[in-house]
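Heads up, the thing below is written out as structure tokens.
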Amino acid sequence: MEDTKHLGYGLATYLLEKNYLVKHINSNLTYVERKKNPIITKNDEFDSMCIAKVLLDELDNIPFAETDEIYWTLKQLVKMRVSIVENNIENKNKFHAQIMHHYPNYKKLFSCTYSNTSLEFFKKYPSPNLLKGTSITELIEFLTIHSKGRFTHKKANEILELIQENDICNQSYQSERNVIITLLINQIQNNETKLIEIENEIIKVYDKIGCTLHTYPCLDKISASYILAEIGNINRFISSAKLAKYAGIAPIERSSGSIEKGLKNEFGNRDLNTFIYKLACRSLLTGRYKDKPFNAIFLDYYNKKISEGKTKHQAIICVMRRITNILYTMLKNNIDYVHPQELSNQCTKNYLENKAKEEEKQKKKQAKKKEKSLLYQ
């Protein structure tokens, strides 16, 4: 079977329940088989022939189809959350484009444009002209209710003063554009409600799996679910090297004779690759003043790779490979993450010492520059 867009998933589940042996054929294999012909044809009959030929030629190498319902369900929930987030971003961008014509200084009205109070305010007053018949007492009461007492007369006076700074008269078709803003706000609020519901369902499924990925630094149950949904059942991978290859982190071997090369892997699961890349970047942060490494061990390892001649991107990939090893071990053994505190303290100490030495060198260089400039003067 070639599972395209999950259409074969239901049939595979049915056949497996009937104790049939089912093989899963990656669509890339049939694509390569299709390209072998001088004229590439694409129809159901020809696709079936390509699938059959791949099955005959690669029967022993093609993996058996497996149905991990819980991981499949988790992935569907995660995809649903991604869809809601993307839709919400689109609605927020449209909201910005509309509201800026009515309230040019709308960002000054509320510190957070998408807070409950802000959205309710713009829903009721999508244009400034609707405030003209509103008394200060009515506005104070409205803000107090929707902000749960956080905003009172002070905020009401600020809003009225800011609106007076940009006095905009009622424009043509203003009421029609007001409807657009109201509908966009309703969609944003509806998406926020959906997000809460879908996140609760994701956490329920995640807890049923009994995973411990959320114990890894800078991961919670939602972000850990994103990674777990892409990995699936960890027993599919016999080693962390296989997982790294699946994630597109391990280099691709290109060798001939005595010449061996490792090229950048641009294949694999790119979503999983992106998640691990973000974890690696987060691990290398050093704080606002560069004195608090988030993960001093990985930062020390990263600097070591840089000193060995690797580029910054190559060094980050090395960190990603280490993170993959950790994630694989946690999933395989179902254990919590335990940070090696003693080693971390030593790496932090080394980092701060090297930072102090580098700052001292910079001060000496600046002092020499000043001396030279004084001599020339």
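The values are calculated or read from the model by the stated rules, or taken from the named source; none is laboratory data. Computed from a prediction, not measured in an experiment: that's the story for all the values here. Here the Cβ is made from the backbone with ideal geometry for all residues, glycine too, and neighbour counts use every protein chain on show. Ligands, DNA and RNA are stripped out before the accessible areas are found, and what is left, the full protein with its side chains, is counted by its heavy atoms. Shrake-Rupley method; radii C 1.70, N 1.55, O 1.52, S 1.80 Å.
Things to note:
- LEU59 being touching a residue at least 24 places away in the same chain (Cβ under 8 Å), assigned to a helix (DSSP H, G or I), hydrophobic (A, V, I, L, M, F, W, C) and farther than 30 Å from HIS146 by Cβ: no
- Restricting attention to the stretch 16-33, the residues that are at pLDDT 80 or above, open to solvent by 60 Å² or more (accessible area, probe 1.4 Å) and either in contact with a His (Cβ under 7 Å, 6 or more places away or on another chain) or outside any loop (DSSP other than H, G, I, E, B) (or both) total 4.
- Tally, over the stretch 292-318, of residues that are buried (at least 20 other Cβ atoms within 10 Å of the Cβ) and not hydrophobic (A, V, I, L, M, F, W, C): 3
- Only one of the numbered conditions (1) open to solvent by 50 Å² or more (accessible area, probe 1.4 Å); (2) hydroxyl-bearing (Ser, Thr, Tyr); (3) within 16 Å of VAL78 (Cα to Cα) is not met by SER223, and that is (1).
- Residues that are open to solvent by less than 40 Å² (accessible area, probe 1.4 Å) and more than 13 Å from LEU160 (Cα to Cα), drawn from the stretch 121-136: PHE122, PRO126
- Residue match in the stretch 265-287 (condition: more than 23 Å from the chain's Cα centre (by Cα), modelled with pLDDT under 95 and part of a loop (DSSP other than H, G, I, E, B)): no
- Residue list for the stretch 90-103, filter: in contact (Cβ under 8 Å) with a residue 40 or more places away in the chain and open to solvent by 70 Å² or more (accessible area, probe 1.4 Å): LYS94, HIS101
- Yes/no for VAL78 being more than 30 Å from ARG150 (Cβ to Cβ) and either among the aliphatic types (A, V, I, L, M) or without any contact (Cβ under 8 Å) to a residue 60 or more places away in the chain (or both): yes
- One residue stands out among those in the stretch 237-258 that are outside any loop (DSSP other than H, G, I, E, B) and without any contact (Cβ under 8 Å) to a residue 24 or more places away in the chain: the one that is nearest to ARG270 (Cα to Cα), which is LYS245.
- Counted residues, the stretch 323-362 - those being modelled with pLDDT of 95 or more, buried (at least 17 other Cβ atoms within 10 Å of the Cβ) and under 20 Å from PRO293 (Cα atoms): 1
- Close contacts from the stretch 350-377, counting a first residue that is closer than 30 Å to LEU299 by Cβ and a second that is acidic (Asp, Glu) and open to solvent by 100 Å² or more (accessible area, probe 1.4 Å), with Cβ to Cβ under 7 Å and a gap of 6+ residues or different chains, come to none at all.
- Within the stretch 196-220, tally of residues that are crowded, with 16+ Cβ neighbours inside 10 Å and within 18 Å of the chain's Cα centre (by Cα): 9
- Counting the residues of the stretch 34-58 that are under 28 Å from LEU272 (Cβ atoms) and open to solvent by 50 Å² or more (accessible area, probe 1.4 Å) gives 3.
- The listed residue being closer than 22 Å to SER239 by Cβ and open to solvent by 40 Å² or more (accessible area, probe 1.4 Å), out of TYR277, TYR289: TYR277
- A single member of LYS148, LYS107 is over 26 Å from GLU201 (Cβ atoms) and not in a helix (DSSP H, G or I), and it is LYS148.
- Of the criteria (1) of a type in the set (S, T, N, Q); (2) part of a helix (DSSP H, G or I); (3) under 35 Å from the mean Cα position of the chain (by Cα), which one THR113 fails: (2)
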